[in-house]
Each structure stands twice: as C-alpha cells, then as structure tokens.
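Structure record follows, encoded as structure tokens.
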Ligand code: CS2
C-alpha cells in the first residue's frame, strides 16, 4: 500500500480537509521540541491554520529528543499526517501540512541548535512531558545532579536536554546579534513558563552569567494552558484510516473535537495572529491552568489508577461505572473549592463538559497511558489542592483516594493479581522503598517519605497521612469500586 505524501494529496477523497497553501513557500518560524502525538494534534494544527490563513511564516520543524520513531513515520510522508477527530460515530479527517521536517536530536545535536538559532525562528514550543524539564517536581529546581544536565553544562555545544537545547540556541542567537525566540511550554506543569525559564536560567548561569542576564532581560517564557485529549495511536487506528484514505499514514494522530490554548500575552518577537486563530491571549493564565490541572488532569489521574487497578482499560469505561462517575463528581466538589475561576469559565458547565469528554467512547483512551509518570503529575494534580483544603480545615477524602490509588499502583499488581511494569522515572526508587514491606501502613509511610513527590510539610500533616492511609486500606479491601462508592456516598 502506498503512503500518504505530497503526491497523494490530490487523490484523497473530497471529505478530507487538506493544506490549501503552497507548502514549498512555507518558512520555518517554529521549532518544536518533543514532537509526539499531542503536538501534532494541538499546536501544529494552530500553526497549520495560520498557514491556511495565508501567513506562511509559521511552518514547524519538529525535533525528537530521544527516538527516531516520528521522523521515520513522517519523512516518507513529506511531513504530512492526518488528524482524525472522533466523537461517537463521527470522524472528521484533516491532513496537516505545517510540519517541515523532523530532526532526531541525539543523531546531530548541533544541527538542532543551528536550526533553532535561524533568524526565521521566532517561537520554540515544547511538549517533553513533565520529566523532560529535569526539574524537581516538588520544588521546581533544576536537577543539577542529573547526568544529562551535568553533561549539558560541561559541553553546551552538544546538548541532550530540553533546557540544554534552549540555552545553546539562545547562546548562538546572542552571538549572531539576533533576538531570543519565545519559549512556549505546552506541558501540563504548573506555571510551566516560569518553570522552564527558571531551569534555563539556572543552566545558563553555570555556563555564562552574561548569557543568563541577557536571557532574563530579553527572553520571553509565557505561561500557557493547553488542552486536548490525544490518546496514543494504535495499529488498529492506522489500519482503519488506511481503509478510509486509500493510502497508509503511519504518522496519524487521533483526538477529541475539543481544543483550547490559553497563552500569556508576552512574546520576545514575532508571532502569528493567535487571537484570530482561536487562541486565548491573556495576562493571567494561572486561574485557567489550575482549573484544568485540578479538574481535568486531577480526575484523569485518579480515575486512571482506580480504573486500571480494577481492570477498566479505558477512561470511558471507567466513568461508565456509577461508583467511579460519582467519585469523579466528589473529587471535583473538593477541587472546585481551591479554584479562583477566571472570568469566562463557568465551573458547573466546565464539569459537565469534562464528563462528556471523558465519556467519548470513540477515543479509546487507555487508563494505563494516563497512569504513566504519576510521580511527576501527582503534585500539581492532586497534592496542591489537598494541601490547600487542609489549610482551610476541609476534608480531602476524594483527593486522598486518588493519591492512595497512585500508591497502590507502585506495587505493580492489579486487583486481579495481574502484574505490570510501573512506567515512571521514579519507579526504581518506589520499588526500593516498598521492597520487603508487608503492612499497608508501612507502605504508605514509606511512599510519604518520597520528598520529590510529597512536600515534607504535607507528608508530616497527620490529617493528610490519616486520610491517605484510610483510602489505601479501603483499596486493599473492599477494592477500588467500593472504595470510590464510599467516598461519594459517605455513610
Ligand atoms: C492526561 C493528559 O496522560 C495524561 O496525563 O491527563 O494528557 C490529558 O489528556 C491532557 O492534558 C488533556 O489536555
């Protein structure tokens, strides 16, 4: 079967939306670090919209910081891929043309630095996942003892990490008399702009203090809130699309219809007309970010562990279980009191919409996908809200159950006794903490000592430890579904 590529575009059926612009004339205005499915289904689509609107400055050069997988999918396809938007029985297809190519950073780090330092590049976006920032999840400090961070400091001409590439490219731009690009973090980190800025400055200071000063003065690292549910593509998705397109697309991505991008209005240089492209520009992103992290992502994380432990493979299946659905509402009742909703966000309507999004059965969003990297996600999704509620003397039964479910996940066994690999940068550490422990209480105490996840003051709060221990015990017996029912229907 032949592949989707530039030549195949003309033969696609009329129902497929495609780039209507002259791709050969598109310049590279954006470099994206971490070109996974999320970028292709979210930011790249906005840049594609800018190109469709006639502003040809916004082509995207993607970079993979680790594996060649995406490059190998997209190169034979001239950078083209299909966005498959699914809801219920509806499926809309759009071929996105914004991607100018993909570099695999470890193959030639200097080539990526040079590309980022090109005068046409105005924006560097990132989706490198929480752990890619090389920051301590609890404190936000650069992990200076991380071997890759240390290697970047020692040889910044050949970086390995996301902050390293940004520092190296900004250094090259400064030397060339160019302005910095704007760094737009698109990961679900709290204060993502502030965090990447702090990481970049911490690294730059070790290399060249004058460079750090220049970045601090001239650079821009706006905060963002990004939202679209983009489950990992499966072989079955690719086979189904091939049936519809008549050509094979190894780089396809699937997503829900909903998409949102809120960006702090702070740029170092040029940018597309974001407002005209449906992106919200604002001075205050944090209220949006907190609402999204604590309601959407908080519920995602809790339901992912509860669901996966009790054998529910997909999010829509988990929220179809009445006890889990009621539990999500109880969790939102708790989280909602910690928010300061921005003007324009109606929390009741947002919650309703979220439940409908979670129930989208066409997405097949795996609970185990969301369960990945939980140590990096817990602080902003569940722990921050829990400590704010405790500070106000409020209960945290629902949040504690989500946290306890993460703890149980670290044992690597489901309720049915099936074993699995815990996919988390701290997995070795949690396994070591749990080794040889039998009693539930001892396991909870051991995990609470993990200061990279639990801020010591929170771990030392008896009310917190008690709530998490109760929840952990109820996960042992009677198990996740019943534990969720108890939280949402207290006696
Ligand atoms: C999910 C997110 O995998 C996860 O941790 O919670 O990727 C979620 O789907 C997105 O943040 C939605 O915008």
For the stretch 391-408, indicate whether the set of residues that are without any contact (Cβ under 8 Å) to a residue 24 or more places away in the chain, in a helix (DSSP H, G or I) and closer than 24 Å to residue 313 by Cβ is non-empty.
no
Somewhere in the stretch 59-70, is a residue within 16 Å of the ligand (Cβ to nearest atom), in a loop (DSSP other than H, G, I, E, B) and touching a residue at least 24 places away in the same chain (Cβ under 8 Å)?
no
Checklist (1) within 13 Å of the ligand (Cβ to nearest atom); (2) touching a strand residue (DSSP E or B) at 6+ places or on another chain (Cβ under 9 Å); (3) over 18 Å from residue 365 (Cβ atoms) applied to residue 285, failing item:
(1)
Consider residue 302 carefully, then state whether it is more than 10 Å from the ligand (Cβ to nearest atom) and not assigned by TED's automatic domain parsing to the domain that holds residue 124.
yes
Given the conditions (1) part of a helix (DSSP H, G or I); (2) within 16 Å of the ligand (Cβ to nearest atom); (3) at pLDDT 95 or above, every one holds for residue 388 apart from (2)
Qualifying position, being more than 22 Å from residue 184 (Cα to Cα), in contact (Cβ under 8 Å) with a residue 40 or more places away in the chain and within 16 Å of the ligand (Cβ to nearest atom), among 95, 85:
85
Residue satisfying condition, being over 24 Å from residue 197 (Cα atoms), buried (at least 23 other Cβ atoms within 10 Å of the Cβ) and in the same structural domain as residue 177 (by TED's automatic domain parsing), within set 88, 59:
59
All positions within the stretch 3-42 that are crowded, with 24+ Cβ neighbours inside 10 Å, within 16 Å of the ligand (Cβ to nearest atom) and over 19 Å from residue 115 (Cα atoms):
40, 41
Could you please tell me which pairs satisfy a Cβ distance under 9 Å, a separation of 6+ or placement on different chains, a first residue in the stretch 283-310 that is free of Cβ contacts under 8 Å to residues at least 24 places away in the same chain, and a second residue that is outside any loop (DSSP other than H, G, I, E, B) and more than 10 Å from the ligand (Cβ to nearest atom)?
283/264
For the stretch 216-274, name all the residues that are in a loop (DSSP other than H, G, I, E, B) and either within 16 Å of the ligand (Cβ to nearest atom) or not assigned by TED's automatic domain parsing to the domain that holds residue 117 (or both).
223, 228, 229, 230, 231, 232, 233, 234, 256, 257, 258, 259
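Let's see how each residue does on (1) out of contact with any helix residue (DSSP H, G or I) (no Cβ under 7 Å at 6 or more places or on another chain); (2) in a helix (DSSP H, G or I); (3) over 30 Å from residue 342 (Cα atoms):
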site: 165; (1), (2), (3): no, yes, yes
site: 178; (1), (2), (3): yes, no, yes
site: 183; (1), (2), (3): no, no, no
site: 187; (1), (2), (3): no, no, no
site: 190; (1), (2), (3): no, no, no
site: 195; (1), (2), (3): no, yes, no
site: 214; (1), (2), (3): no, yes, yes
Can we say residue 115 is in a helix (DSSP H, G or I) and surrounded by fewer than 23 Cβ atoms within 10 Å (Cβ to Cβ)?
yes
Out of all the residues in the stretch 323-350, which are without any contact (Cβ under 8 Å) to a residue 60 or more places away in the chain, surrounded by fewer than 19 Cβ atoms within 10 Å (Cβ to Cβ) and closer than 23 Å to residue 477 by Cβ?
325
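The values are calculated or read from the model by the stated rules, or taken from the named source; none is laboratory data. The shown structure was predicted, so the numbers you read here are calculated from the model rather than taken from an experiment. Positions of Cβ are backbone-derived with ideal geometry, glycine not excepted, and every protein chain shown enters the neighbour counts.
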